[in-house]
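Enquirer: Got a structure for you, written out below as structure tokens; questions coming shortly.
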Amino acid sequence: MADDRLHRIMGILSDSFFPLLKAGLYFTIPLTLISFALGIILAFLTALARLSSIKQLNAIARFYLWIFRGTPLLVQLFILFYGFPSMGITLNPFPAAVIGFTLNVGAYSSEIIRAAIQSIPKGQWEAAFSIGMTKSKAMRRIILPQAIRVSLPPLGNSFISLVKDTSLAATITVTEMFQKGQQIASVTYEPLWLYIEVAFIYLIFCTFLSNLQSKLERRYEKGVAR
């Protein structure tokens with residue numbers, strides 16, 4: 001009996017591996033890449049608004065951060081997908097997930113970027129102004145390259161965390177890797193082993209990304225050193 005059960009479990013895991021991997025490559029990774037790219041753009045704009053001397057921009061940025069850093073990501077996704085239809089706004093699952101993750105990533109990453117920019121000594125600004133650079137040119141050519149080096153590790157960690165957070169998209173019916181695992185588990189009645197397999201694939205993705213992050217950091221450090 002034990003051998004039969006083991007053989008059955010191994011068969012299920014073998015049959016489900018590629019469907020799970022396909023869901024990861026077709027939904028989890030694209031959802032992560034799109035949301036993170038848009039989130040970084042939003043984060044940069046928010047960080048500039050937070051550093052701006054224009055009070056209205058600063059207030060809007062603070063309000064945005066207050067909302068999205070102070071409420072759970074899961075609740076934000078539920079409001080977008082299940083709550084907005086009551087207001088006549090219906091979003092498909094994938095766009096709703098992209099919007100939710102983008103807004104959340106933008107809120108947290110903006111503080112990383114703002115702190116990185118503020119960590120650059122004021123003397124760098126003064127030196128740029130002394131050779132006739134405008135504020136925007138100094139930001140682009142002097143401050144941002146240094147700020148990127150400072151913010152790269154925490155932003156890399158945020159990206160890896162987002163890969164795992166995309167599993168929450170299953171709650172709004174996005175057929176990403178975790179929901180695919182749930183679907184297979186509901187048919188095979190082996191949730192423990194299916195979820196372990198899903199966790200293993202997430203582990204593969206995150207291990208690869210962690211190694212890639214380390215290589216990018218080393219390469220950037222060498223570039224800065226030159």
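Enquirer: Looking only at region 148-155, decide whether some residue is on the phi < 0 side of the Ramachandran plot and without any contact (Cβ under 8 Å) to a residue 24 or more places away in the chain.
Expert: The answer is no; no qualifying residue exists.
Enquirer: Of all residues in region 171-194, which are within 20 Å of Thr32 (Cβ to Cβ) and assigned to a helix (DSSP H, G or I)? It would help to see each step written out before you state the result.
Expert: Going through region 171-194, the residues within 20 Å of Thr32 (Cβ to Cβ) turn out to be 171-182.
Scanning region 171-194 gives Thr171, Ile172, Met177, Phe178, Gln179, Lys180, Gly181, Gln182.
Enquirer: On to the next question. Quick one: which helices (runs of 4 or more DSSP H) lie wholly within region 1-71 and hold at least 3 residues that are surrounded by fewer than 19 Cβ atoms within 10 Å (Cβ to Cβ), in contact (Cβ under 8 Å) with a residue 60 or more places away in the chain and out of contact with any Leu (no Cβ under 7 Å at 6 or more places or on another chain)? First the steps, then the outcome.
Expert: Working: elements: 2-23, 29-51, 55-70.
Passing ranges, in order: 2-23, 29-51.
Enquirer: Suppose we keep only residues that are in contact with a Leu (Cβ under 7 Å, 6 or more places away or on another chain) and among the aliphatic types (A, V, I, L, M) within region 187-202. Which one would you say is nearest to Ile12 (Cα to Cα)?
Expert: Going through the qualifying residues, I end up with Val198.
Enquirer: Now for a separate question. Go through region 88-144 and tell me which helices (runs of 4 or more DSSP H), entirely inside it, have 2 or more residues that are surrounded by 11 or more Cβ atoms within 10 Å (Cβ to Cβ) and touching a residue at least 60 places away in the same chain (Cβ under 8 Å).
Expert: 93-119
Enquirer: Out of everything in region 200-213 that is exposed (fewer than 15 other Cβ atoms within 10 Å of the Cβ) and among the hydroxyl-bearing types (Ser, Thr, Tyr), what residue ends up being nearest to the chain's Cα centre (by Cα)?
Expert: Among them, the one singled out is Ser210.
Enquirer: Would you confirm, using the coordinates I've provided, whether Leu216 is part of a helix (DSSP H, G or I) and either within 17 Å of the chain's Cα centre (by Cα) or at pLDDT 95 or above (or both)?
Expert: In short, no.
The values are calculated or read from the model by the stated rules, or taken from the named source; none is laboratory data. Predicted model, so just to flag it, every value in this text is computed and none were measured. All Cβ positions, glycine included, derive from the backbone under ideal geometry; neighbour counts span all protein chains shown.
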